[in-house]
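Asker: Could you have a look at this structure, given as structure tokens, before my questions?
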Amino acid sequence: MNNQATILIIDDEVQIRKLLTITLESFDYRVQEAATAKEGVIMVANHPPDLILLDLGLPDESGHHVLRHLREWYSNPIIILSVQSGEEDIINALDHGANDYLVKPFRTGELVARVRSALRKSSADENNPVMRAGDLTIDFSARTIKKNNVAIKLTATEYTLLALFAKNEGKVLTHQYVLNQVWGPSYKSESQYLRVFIAQLRKKIETDPNRPAHIVTESGVGYRFVVN
Amino acid sequence: MKNFLLHKPARNQQYIISVVLVITVAIFGLALYGLVGYRTAAFMLLVAVSIIAMFFDIAPVLLAALLSALIWDFFFIPPRFTLTVGTGDDQLLLLMYFVIALVNAALTYKIRQMEKEVRVKEEKANEAKFYNTLFNSLSHELRTPITTIIAATDNLNTNADRLPENIKTELLSEISIASIRLNHQVENLLSMSRLESGAFQIKKDWCDINELVHKTIQSFEPAISKYKIAVHIPENFPLFKLDFGLMEHVLHNLIGNAIQYTLPGTGIVIQALHDDDKLVITVADNGKGFPEGEIDKAFDKFYRIHGSKPGGTGLGLSIAKGFVEAHQGMITLKNLPMSGAIFTIEIPTETSYITRLKNE
């Protein structure tokens, strides 16, 4: 198995870089390391990697700043590494173009899963209107959903919501983002709509709505659509 | 009396009480005028000032001293009803009256300052004792997993070729358990310091209580499968405005407490109710319950039930309490009549019955 994808780690802690490198290399990723924001930005400019793991607490510049700077021209996935589980910090990063986040300490299994999911081209691309997500089959052209090959009736809003999640599989979508995409900018603070529709949608698509396997809650941040 | 000194009336009340007392004594002296001489009246006033000095701050005492001197001069010293003092004898007396009143005030003030110093010293000593216990418990809780990690890695480093595979696996699993425990302790300490410094902001948003409860339960997998978990939340339960992250933390600590201190097979029941404008969540178990005498202390920082098994810092419940109080809510603990304990969280909060909204 050769992933060939190049991952750049921007983190000032040698220990963290070392362990991340060992882990990622054992999964056949090519790894580059940068210890400062400055070094990292130069490396991205010279050889844009396929994915960046960016620590938010860099010594020379705030990770948030680096993120915004990189997003001016760099469009591949960026995963944020943070020591704080403060939701504000994470939401801020996600709203400024981060694809995902990991809070230190994290499990290597989780790291690899997030990297994989961020690197995977969405299986819901234009040429393939049908997406399989575990027991769900979503047909974007016919706007139909099947669970274990049995058709599920969704309302228009429920469908729009599910389609948005499915097209961003593996990615954390913040509450604000979803509200804006599904209901429009004037509903940005109407989070109760989102809660209600998520609960309804889970009742229809999840085998056990109390232990959702597809629409997973990211506490205080948003939701993530998981394929299997 | 010490208690009274600690809870002195407010400054403006002290002024009022001082003035009233001086005037009362003066009226009393005037009523007895003729029966007692004006010099005796001076002593009566001096007693009033001394009493005031015993209890009040220096400023009201000075006011009382000045006021009583003026009153004595005006109403008592002949010629009466003038501020003039007739004889040189009386002039000296008035001067001495004023000096004695002042010295009186200053001395009492000094004594009280000293008392205060002693009290501060005592408090410091108590604090030192508290921190000693705290550091003992903390260093134990942090050092145990660190010791495990260092010992296990040393073993793996130096004896790698001599250790059988199964021992190596066991050492690795010990390292893993120890680091999870260490992380848990550090997280508790961080939450506690976040609470104490007041440096955290509560961010309320609409919460689905079903989602909150089930997500918290799920975070205990697989350990929780050994317990009989039951969740009772009414159908069409409204949404509540809460900080999801903080409430998850609260429930996590309560359920974690039940798992930590009861035996596998114990029933844990989580129930949610909507009572007026309050959200009520209870977490009950049918374990042994808390020792009756220790229930009051259960939420105290670093308090651990006497003889409880290691693995806790005594922070979980006080963090839960802090986060509930950050919601203007309250948390209580009771033993159940048969067996076990029940935690009750009550939070006044906005609700939304939007669940009945038409589904477009």
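Asker: Name the residue that is modelled with the lowest pLDDT, counting only residues in the range A:217-228 that are buried (at least 16 other Cβ atoms within 10 Å of the Cβ) and more than 9 Å from every other protein chain (Cβ to nearest Cβ).
Answerer: If we take residues in the range A:217-228 being buried (at least 16 other Cβ atoms within 10 Å of the Cβ) and more than 9 Å from every other protein chain (Cβ to nearest Cβ), then A:Val227 is modelled with the lowest pLDDT.
Asker: Just wondering, is there one or more residues in the range B:236-243 that are charged (D, E, K, R), within 10 Å of chain A (Cβ to nearest Cβ) and surrounded by 18 or more Cβ atoms within 10 Å (Cβ to Cβ)?
Answerer: Yes: one or more hits.
Asker: Please tell me if B:Leu35 is surrounded by fewer than 18 Cβ atoms within 10 Å (Cβ to Cβ), closer than 21 Å to B:Phe98 by Cα, modelled with pLDDT under 90 and not β-branched (Val, Ile, Thr).
Answerer: no
Asker: Here's something else I'd like to know. For the range A:101-219, list the helices (runs of 4 or more DSSP H) that sit wholly inside it and hold at least 1 residues that are of a type in the set (Lys, Arg) and touching a residue at least 24 places away in the same chain (Cβ under 8 Å); which are they?
Answerer: Where helices (runs of 4 or more DSSP H) fall fully within the range A:101-219 and carry at least 1 residues being of a type in the set (Lys, Arg) and touching a residue at least 24 places away in the same chain (Cβ under 8 Å), they are A:108-119, A:156-167, A:191-205.
Asker: Given the options B:Thr40, B:Thr84, name the one that is without any contact (Cβ under 8 Å) to a residue 40 or more places away in the chain and not in a helix (DSSP H, G or I).
Answerer: That would be B:Thr84, the only listed residue that is without any contact (Cβ under 8 Å) to a residue 40 or more places away in the chain and not in a helix (DSSP H, G or I).
Asker: Could I ask something else about it? Looking for whichever is farther than 25 Å from B:Gln328 by Cβ, in contact with a Gly (Cβ under 6 Å, 6 or more places away or on another chain) and in a loop (DSSP other than H, G, I, E, B) here; the options are B:Gly287, B:Gly265. Which one fits?
Answerer: Matching residue, one of B:Gly287, B:Gly265: B:Gly287.
Asker: Would you point out which residue out of B:Lys129, B:Lys121 is out of contact with any Gly (no Cβ under 7 Å at 6 or more places or on another chain) and under 30 Å from B:Pro60 (Cα atoms)?
Answerer: When all the criteria are applied, what remains is B:Lys121.
Asker: Look at the range A:197-212 and say how many of its residues are buried (at least 18 other Cβ atoms within 10 Å of the Cβ) and more than 10 Å from chain B (Cβ to nearest Cβ).
Answerer: Of the residues in that region, 2 qualify.
The values are calculated or read from the model by the stated rules, or taken from the named source; none is laboratory data. Since the model is a prediction, treat every value here as computed from it, not as a measurement. Glycine gets a Cβ as well: all are built from the backbone with ideal geometry, and neighbour counts include every protein chain shown.
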